[in-house]
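Report on one structure; see the data block that follows.
All of the numbers you see were taken from the coordinates with simple rules; none came from a lab. Bear in mind the structure is a predicted one, so any value in this text is a computation, not a measurement. Cβ atoms come from the backbone with ideal geometry, glycine included; neighbour counts cover every protein chain shown.
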Amino acid sequence: MSASGAGAGAGPPPSGGTGGLRYPSNKKTIYDRNLNRSKNAELSRAAFAYLFVEMISYAQRRVRGIADLEKRLNTQGYPLGLRLLDLLLHRSPTSTSSPSPQRPTRILPLLQFIAQTLWRHLFSRPADALERSEADAGQYMLFDNEPLVNQYISLPREMSQLNCAAFVAGIIEGVCDGAGFATEGVSAHSVGLEEAGAAGTEGEKKVKPMWPDRTVFLIKFKPEVLEREEILGRSGG
Amino acid sequence: VVFVLFIISKAGGLIYNREFHTGLSKLTSNDYLMLAGSFHGQACTMHAITKQLCPNPPTPANAAANAPNLAPTPFNSRATGIEVLESSHFRMQCFQTLTGTKFLLFTEPQQPNIDSMIKKIYELYADFVMKNPFYTVEMPIRCEKFDRGLDGFVKVNR
C-alpha cells in the first residue's frame, strides 16, 4: 500500500502503457496481494475446460501437423512452469531443519518435486508413477493415469496420436529449465490402449483398459546435465 | 428399459442416435433422418403444427394498463413444443434446452425417473460434447467419452 502511494505522486498511470496491469479503484495491483492468499483457492473445472478448448483451437490455426500442434501447446505451458517453480518453492513449508526453501540440485529431488508438489498444486493429487527408462539413462518417465486436462476431450480418429497433455509437458519443461536442468524436450504420450492391447493378445477376449487415458511424460535431459549429475554423485556420495 | 436416444440440433438435423435395446425393428439411416425431421417439427416452438394444436392461452387482463410500462414479453404465452408422447408400447420424452437442442428419449411406458435420466444425459452432453475441442457445434456427435458415459449410465439403469 505504501509503495503504490509513493509512486502515485507521479499521476495516474497511462492506460495501456503499463502493459495490462490492472489498477482497480482501491489502487492495489496484483503485486500487493499476499502470495499465499490463493493457496487453497478453488477453480471451476468447467471454466478451465472451456479455456482449454479455446487454447487448443487457437493452437490449431495454420498448424501443419500433429507434432506442430503439440509443440504449440508445449509453448503455451512453458511460462507457467517457470513461474510455478518459484511460487511453489516460496510456499514450501518451512521447518526448523530447513529454514529456507531448498532448490533441488539433483535430478531425483527435482523429479520428486514435480511428481509430488507440482502435481498436487495443479491437480490435487500426486503423479502416479516415476520411472527411469532402461533404454536411455537420461530419460525419465512420469505417469499419470487420468490427466485432468484430457478429461473431457475425445480425440477423433484422424488425430489419435495427439495428446493434449502436451500443455502439461510444457509446464514440466518450464520447471526443469527454470531449475537449471536443461532438457531436450518433454513430451506426452498416451499408453492406456497400448498396455491393454499387449495384455489382450495373451488372453482370448479383448481386455478393457483400466486407465484408457493413461499418459506418460518423457523427460529427456541434456548430456551436460547428466555429466553434472554424475560428478555430483561421485563427489557427494 | 431405455430404447433409443435421439439428439436433434437447433436446425432440425439429427446429430446423435443410439439404440440401447436389441430386438427393435431395424431402420435405415435415412429413416432416422426423416424421423428426426418430423420430431423437430413437433418439438419446435412456434412451429405451424404445434401452434395450431395448442389451445389459445388466456390473454392477460391488465395488458392494456401495463402497456406503456412493459413491452409484452414473447415468453409468457409461448406454446412449447411436444413434451411427452405415450403409447402402450413406448413412451417418448422430449427435453428442449434453452438453445434449441432437443433430447428425445424413448423408454418403456412404465419407466420411472425419466426426468433425472434426461438431466443426467444432458449433464453428460454438457461435459463430453461441449467441452470437447474437436466437436463443432450442430454437427453429428462423434465423441467416444460421451458414448462411454451413456453406456455406463444406461446399462446401470436396466
Mind sorting A:I171, A:I30, A:I66, A:I56 by how few other Cβ atoms lie within 10 Å of their own Cβ, fewest first? A:I30, A:I66, A:I56, A:I171
How many Cβ atoms of partner chains, on average, are near each residue of A:145-158 if near means within 10 Å of its Cβ? 4
Cα-based shape type of segment A:20-170, given that a ≥ b ≥ c are square roots of the gyration tensor eigenvalues and the cut on a/c is 1.5: oblate
Would you kindly state how much longer the chain becomes between A:L108 and A:R61 on full extension, computed as 0.36 nm times their sequence separation minus their alpha carbon distance, in nm to one decimal? 13.1 nm
Expressed in angstrom and ordered largest first, the alpha-carbon extents of segment A:106-149 along the principal axes are 30, 22, 13
Along segment B:33-40, Karplus-curve 3J(HN,Hα) (6.51, -1.76, 1.60; θ = phi - 60°) to the nearest Hz, with x for Gly and Pro, reads 5, 5, 4, 4, x, 6, 5, 4
Relative frequency of Cα-Cα separations exceeding 18 Å in segment A:78-164, percent: 57 percent
